[in-house]
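What follows is a set of notes on a single structure, which appears directly below.
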Amino acid sequence: MSISGKHTFALYCHPLSVGQKPFFDQTIEVADKELWHRVIHILRLTVGEEIILFDGTYEATIKLSAKTFAGKNKIIGLVLEAKISTPITPNIILMPSLLKREAFETVIYLAAQMGVTTIQPLIATKTHRAWNGDKERARLTSIMIAACEQAKNFVIPELKNPIHLHDLVKPPCGIYFEDDGILLADTAKQLIAGKPEAITLVFGPEGGLMATERQHLDMCGFMCCALTPTILRAQEAVAVGLGSIRSLLLRRK
């Protein structure tokens, strides 16, 4: 919702402000042809309507000026509200196994949508594809931005290069998910009591983790948690597990 009570679109814009953060009651001017096209021709906004612009560091609610519509390729408006973007707490470090591209893109969207701080892809024994370097990173970054716009999560997750699961070290608080783990409700009680500042969530590949991989996670101090009595696909397990942990440990700002 906007300050006026109407729905407000959130749009990524990098950089939002050069050299300084946007200030309240300041006129801001953003030269961005693609952003201008979205506002004018796709969203079809009008003079006086509000949008939220964000770049992963700052976020600002802008009241669109007539100058936006008189010229071309520039968003011009009055800053109604501006602040530094802060991540949702507790911080969640998501470690999903590298899945087939479409499934992995779903996981990446979910991660950004639910306010994950860091995404660390894992290469497990049952991983059957390679990481496609900068090309894949660019594609996944676009997906994260789209998810952040939709969810109004203004901190874009940090996406790291994949590592092998056996290279994981002990986190302050870690969980992995298998159908024979402890109940989610019991896991949640432990987490709520402990109030961790960060939680690491590991999700295995299609077909699950190997016994040696589970042993490694156990040795690193990860808790094993069960989700449902039925078998979930890997991306569905992320949706249920990540969504549950985020909801159960929600901390109001």
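FYI, it's all coordinate maths here, none of it is from the lab. Just so it is clear, the structure is predicted and the values come from calculations on it, not from any experiment. Note that we place each Cβ from the backbone using ideal geometry, even for glycine, and neighbour counts take in every protein chain shown.
Key figures
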quantity: For the stretch 41-104: Kirkwood Rh in Å [reciprocal of mean 1/r, alpha carbons]; calculated: 14.8
quantity: Stokes-Einstein D (µm²/s) once Rh is taken as the Kirkwood radius of the stretch 9-84 over alpha-carbon pairs, at 4 °C in 1.567 mPa s; calculated: 108
quantity: Rounded tilt (10° steps) of 101-113 against the dominant C-alpha axis of the chain; calculated: 60
quantity: Computed E for residue 126/residue 195 - FRET, C-beta separation, R0 30 angstrom, nearest 0.05; calculated: 0.30
quantity: Helix 133-151 vs. the chain, principal-axis angle (Cα, 0 to 90°, nearest 10); calculated: 70
quantity: Selected from 46, 99, 110, residue furthest toward positive end of dipole (the chain; charges at beta carbon); calculated: 46
quantity: Label zone at residue 248 (point 7 Å along Cα-to-Cβ), backbone N below 18 Å, the stretch 82-116; calculated: 89-95, 114-116
quantity: Expected-Rg normalisation [2.2 N^0.38 Å, Cα atoms] applied to the stretch 50-187; calculated: 1.31
quantity: Added length on full extension, which subtracts the Cα-Cα distance from 0.36 nm per residue, residue 47 to residue 89; calculated: 11.5 nm
quantity: Amide proton proximity set for residue 159, modelled H, under 5 Å, gap of 5+; calculated: 119
quantity: Residues with amide H under 5 Å from that of residue 199, placed H, sequence gap 5 or more; calculated: 91, 92, 93
quantity: For the chain, the Rg and Dmax computed from alpha carbons only, in angstrom; calculated: 20.6, 64
quantity: The chain - charge dipole about Cα centre, Lys and Arg +1 at Cβ, Asp and Glu -1, debye rounded to 20; calculated: 560
quantity: Of 6/63; 6/83; 170/195; 83/135; 63/152, pairs whose Cα-Cα distance is over 22 Å; calculated: 83/135
quantity: Difference of contour (0.36 nm per residue) and Cα-Cα distance, residue 101 to residue 134; calculated: 10.4 nm
quantity: Antiparallel DSSP beta bridges within the chain, as percent of all bridges there, nearest 5; calculated: 40
quantity: Positive-end extreme of charge dipole, the stretch 91-248 - chosen from 121, 216, 187 (charges on Cβ); calculated: 121
quantity: Alpha-carbon gyration tensor eigenvalues x 5, square-rooted, for the stretch 81-132, Å; calculated: 27, 11, 8
quantity: Anchor residue 126: lysines whose Cα lies under 19 Å away (excluding residues fewer than 8 positions away in-chain); calculated: 100
